[in-house]
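Reviewing the structure listed below.
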Amino acid sequence: MGIVDFLLSILVTIRVRKLIAILFLFVVTPAFAQTGGSPPDTTGTGQLRPRSMGSYIVGVFPSPAAENVPITVQTYNRMTEVLSVTVYDNAGHPLLDLIPKQSVPGGLQNLMIGARALPSGAYHVQLITYTASDAPDVVDEARFIVAH
């Protein structure tokens, strides 16, 4: 193999690498953009993109919650319905009724827990909706941690 053949093989290799880079930018990158990589209830811009139906817990933050930091529980319900949101300790004992059983208008709810309302530990919040016959239906749960 002569020097000319060697230089031609390097030139071809560089061109192939450039072609692969261009294909990656125009073919693979849009595929990532379509999935978004974000949860089904966010758009990646902080805007809420509601799920198709029903009620759910959007999130509990911050978790873990530090000393003197209030905790926000966000829920979403598509339409007005009777529901409740309750915080439980790890043993399943109810501690706080964030929304006692009542009719709540559709939309995003921002429920606040005071910074000192809960001692350090693991907790879960439960969203319950109620049927027309007043039967409870646990539709969503989320876990969070408080660390003082």
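Quick notes
- Diffusion constant of segment 68-120 at 10 °C, which comes from Stokes-Einstein with the Kirkwood Cα-pair radius and 1.306 mPa s, µm²/s: 131
- On the principal axes of its alpha-carbon atoms, segment 44-148 has extents of 41, 36, 16 Å, going from largest to smallest.
- Here the Karplus relation 6.51 cos²θ - 1.76 cosθ + 1.60, evaluated at θ = phi - 60°, turns the backbone of segment 64-76 into coupling constants of x, 8, 8, 4, 6, 10, x, 10, 10, 10, 9, 10, 9 Hz, with x for every Gly and Pro.
- Sorted on the mean count of surrounding Cβ atoms within 10 Å across their residues, most packed first, peptides 120-130, 102-112 read 120-130, 102-112.
- Segment 98-148: translational diffusion in µm²/s, Stokes-Einstein, Kirkwood Rh over Cα pairs, 10 °C, 1.306 mPa s: 121
- Simple spin-label estimate for residue 63 and residue 110 gives 1.9 nm between the two label positions (7 Å along the Cα-to-Cβ direction from each Cα).
Each value in this text was obtained by applying a stated rule to the coordinates, not by laboratory testing. Owing to the predicted nature of the structure, the values given are computational and were not obtained by experimental measurement. Reconstructed Cβ throughout: ideal geometry from the backbone, glycine too, with neighbour counts over all protein chains shown.
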